[in-house]
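The values are calculated or read from the model by the stated rules, or taken from the named source; none is laboratory data. Note that the coordinates shown come from a computational prediction; the quantities given were computed from them, not determined experimentally. No Cβ is skipped: glycine too gets one built from the backbone with ideal geometry, and neighbour counts run over all protein chains shown. Note: areas computed on protein heavy atoms with side chains; ligands, DNA, RNA excluded. Shrake-Rupley method; radii C 1.70, N 1.55, O 1.52, S 1.80 Å.
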Amino acid sequence: MVDNADSGADGRRIVVGVSGSLGSLAALHHAAAEARRTDAEVLAVLCWVPPGDELGYRRTPCPPVITAGRDAAVVRLRQALDEAFARRYAGLRLRCQAVRGDTGHTLVRCADRPGDLLVLGAGRERGRLARLVHPSVSAYCVRHAACPVLTVPHPPLQRDLEALERGGHGLRAAAAGN
């Protein structure tokens, strides 16, 4: 994992939320391109919570569970970076952090410097019930961040896969058409 502590000459920083999804990888690519263009540092942040969420952990604390959760988050972050950049970080000042906490709140907390830019994948279209159960991270960040927030649209491949899933035909139907 790359972790260079110095930020750009003027302290510009691009904080990008990383989960490993195609949307977050697109956001990571956009953040890297913007960082190269503006000579900014990229801070890639993967947010995680203990299995069973924080409330479950508080009821039954178990330090090995926290260690395992943190280690799994670090592995996921490394995999996402490897998938996004194929281990080629040339010309990019990149710091990476796996941070324990709710995704929206944690990303807003990480993007706290003047001049920061917070970059996120746009998130999936979801129904009303799904939004009530799991509110949109990007909507939360847009409402609460003290810095500009850029949401990167889904890559075309992800939109195509989601269209296949919504159509109820699955990937078998797409493969049969070839």
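Before we move on, is V149 at pLDDT 85 or above, among the aliphatic types (A, V, I, L, M) and closer than 24 Å to R36 by Cα?
Against the criterion (at pLDDT 85 or above, among the aliphatic types (A, V, I, L, M) and closer than 24 Å to R36 by Cα), V149 qualifies.
Out of all the residues in region 113-146, which are at pLDDT 90 or above and of a type in the set (D, E)?
Answer for region 113-146, where residues must be at pLDDT 90 or above and of a type in the set (D, E): just D116.
Within the set of pairs 6 or more residues apart or between chains, which connect a residue that is within 18 Å of S21 (Cβ to Cβ) inside region 80-92 to a residue that is part of a helix (DSSP H, G or I) and of a type outside the set (S, T, N, Q) with Cβ atoms less than 6 Å apart?
A84/L25; A84/L28
Determine whether H29 is in a helix (DSSP H, G or I), open to solvent by 70 Å² or more (accessible area, probe 1.4 Å), closer than 24 Å to S138 by Cα and in contact (Cβ under 8 Å) with a residue 40 or more places away in the chain. Explain how you work it out, then say what you get.
Values: in a helix (DSSP H, G or I): yes; open to solvent by 70 Å² or more (accessible area, probe 1.4 Å): yes; closer than 24 Å to S138 by Cα: yes; in contact (Cβ under 8 Å) with a residue 40 or more places away in the chain: yes.
Taking the combined requirement at face value, the residue satisfies it.
Out of curiosity, is A84 within 13 Å of the chain's Cα centre (by Cα), surrounded by 13 or more Cβ atoms within 10 Å (Cβ to Cβ) and of a type in the set (G, A, S)? Before you say what the answer is, go through the steps one by one.
On the way: within 13 Å of the chain's Cα centre (by Cα): yes; surrounded by 13 or more Cβ atoms within 10 Å (Cβ to Cβ): yes; of a type in the set (G, A, S): yes.
Yes, satisfied.
When you look at G11, is it touching a Lys or Arg at 6+ places or on another chain (Cβ under 8 Å), modelled with pLDDT under 90 and within 30 Å of L161 (Cα to Cα), yes or no?
Details: touching a Lys or Arg at 6+ places or on another chain (Cβ under 8 Å): yes; modelled with pLDDT under 90: yes; within 30 Å of L161 (Cα to Cα): no.
Spelling it out, it is not the case that G11 is touching a Lys or Arg at 6+ places or on another chain (Cβ under 8 Å), modelled with pLDDT under 90 and within 30 Å of L161 (Cα to Cα).
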